[in-house]
Amino acid sequence: MYLDTSPAEEPRLAESPLQDPVLPESGNDSQQVASSSLRKPVVVKKGDTLGKILTSGSVANSEIFSATAALRPHFKPTSLKPGQQITLIYDGLPENPYFAGLEIEPTPGTILTVSRTENGDFTSSTTKAALERHVTAARTTINSSLFEAGAKVGVPASVMANMIRIFSWDIDFQRDIHAGDQFSVLFEEYYTPSGKQVKTGNILYAALKVGNDERVVYRFEDSDGIVDYYGENGKSIRKALLKTPVDGARVSSGYGLRKHPILGYSKMHKGVDFAAPTGTPIFAAGDGVIEQIGPWSSYGNYVRLRHNNSLSTAYAHLSRFGKNLKKGSRVSQGQVIGYVGTTGRSTGPHLHYEVVMAGKQVNPNSVDLPTGREIARKDKDTFSAVVAQHNSEYQEALSQSTIVATAP
Ligand SMILES: [Zn+2]
């Protein structure tokens, strides 16, 4: 939960292990609109009440009471239905986060907003928005930065950020993109009847030409309802991490609360321990760049790999490091990055392995990690149809759209 104070980290460290900037996300995930506010969409589950949802959103009882009172003239809180979405809005981030209000769509096209007034009370208002979906295409050559190139042809920054996230499994945007590279994109936009663009939707198709190498991806929802981006060959652009980064090891301690073997009391174990003899090779869980390598506090000899803008993996207590590796080195999945040891705060030879998403250690077994998905046989025809459809939509939108420009 975003606003909770998380339990003490294990091992205890002077500073947080990750300081990476996190790209703004769009779509249905939590999204940080600006540095100061946060919109957190919550889907109502069976048995949920508004009070329950707000409580788990760290909203104080007095605020729940007055926000609910403000809502009531427009919407009966008891008519909440499972599947409905409520967006909780927080302001004052990161220093002093506070509950600023919420949004709910009581009927399609009507947005009911509850917002905090200056005196700390809550007020509500409704807006009608029957949105029209448009698809927009853009194509351009990159002169300096990708964002600048996007802005030049009118592609919203949120779409550019999404595109970077989609391609970040393959491309290191800081290092690989050069002047003369090209991109094209087909994305959704939503307009009010009066023609005001209110939000962007999904990227349907994107292509990135880096040097002579062109990568093309298509958005596809398979028959199980799983959405991913695939190349024309039907393979997901997101590659899976190795499940076990050490050969023949067993999990000796999983992710979660446990009694600490040295400190004696219960602490959150924010990684997975693999027991293996000293000297057992440790593999990079995925392609990446070494972000940190060397002795580091209670982690002992430590390596952290950055796989993309939001995903890293870390390896601790190593006896020694892989050959010729240093900060900034690129490694490929399966490459030996070090050897099991017991350096730092450790009771015996093991690998302490962490998966870090958006700066936080996560349970590798419960998070939505990439799986290296491939289009299933039963979905192949539908996928081919979607590819053809997006290709022709792209050509059509490119010829119609006024914001499209091809840089010289
Ligand atoms: Zn551990």
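Per-structure values
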item: Matching residues, segment 339-356, being within 16 Å of Val246 (Cα to Cα) and within 28 Å of the chain's Cα centre (by Cα); result: Leu351, His352, Tyr353, Glu354, Val355
item: Qualifying residue in segment 368-387 (condition: of a type outside the set (D, E, K, R) and under 17 Å from Ile282 (Cβ atoms)); result: no
item: Residue in segment 80-96 that is open to solvent by less than 60 Å² (accessible area, probe 1.4 Å) and more than 24 Å from the chain's Cα centre (by Cα) present; result: yes
item: Long-range neighbours under 9 Å by Cβ, at least six apart or interchain, first residue closer than 14 Å to Ala157 by Cβ within segment 135-147, second small (Gly, Ala, Ser); result: Ala138/Gly150; Ala138/Gly154; Ala138/Ser184; Ala138/Ala397; Ala138/Ser401; Ala138/Ala405; Phe147/Ala157; Phe147/Ala161
item: Qualifying residue in segment 362-373 (condition: charged (D, E, K, R) and farther than 30 Å from Gly154 by Cβ); result: yes
item: Test: residue in segment 123-139 that is surrounded by 13 or more Cβ atoms within 10 Å (Cβ to Cβ) and modelled with pLDDT under 85; result: yes
item: Condition met for Ser297 (open to solvent by less than 20 Å² (accessible area, probe 1.4 Å) and in contact (Cβ under 8 Å) with a residue 60 or more places away in the chain); result: no
item: When residues of segment 205-223 are limited to those that are open to solvent by 10 Å² or more (accessible area, probe 1.4 Å) and aliphatic (A, V, I, L, M), the one nearest to Asp381 (Cα to Cα); result: Val216
item: Some residue of segment 173-186 being open to solvent by 20 Å² or more (accessible area, probe 1.4 Å) and within 19 Å of the chain's Cα centre (by Cα); result: yes
item: Meets criteria (over 23 Å from the mean Cα position of the chain (by Cα), outside any loop (DSSP other than H, G, I, E, B), among the hydroxyl-bearing types (Ser, Thr, Tyr) and closer than 25 Å to Ser236 by Cα) for Ser384; result: yes
item: In segment 273-282, the residues that are open to solvent by 30 Å² or more (accessible area, probe 1.4 Å) and closer than 16 Å to Leu325 by Cα; result: Pro281
item: Only listed residue being in the same structural domain as Gly348 (by TED's automatic domain parsing) and more than 16 Å from the ligand (Cβ to nearest atom), chosen from His317, His307; result: His307
item: So Ala285, is it open to solvent by less than 50 Å² (accessible area, probe 1.4 Å) and either within 16 Å of the ligand (Cβ to nearest atom) or acidic (Asp, Glu) (or both); result: yes
item: Those strands (runs of 3 or more DSSP E) lying entirely in segment 301-348 with at least 3 residues touching a residue at least 60 places away in the same chain (Cβ under 8 Å) and surrounded by 18 or more Cβ atoms within 10 Å (Cβ to Cβ); result: 311-318
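The values are calculated or read from the model by the stated rules, or taken from the named source; none is laboratory data. Keep in mind that what you see is a predicted model, and the values were worked out from it rather than measured. With ideal geometry, Cβ positions are generated from the backbone for all residues, glycine too; neighbour counts draw on all protein chains shown. Side chains included, ligands, DNA and RNA excluded: accessible areas come from the protein's heavy atoms. Shrake-Rupley method; radii C 1.70, N 1.55, O 1.52, S 1.80 Å.
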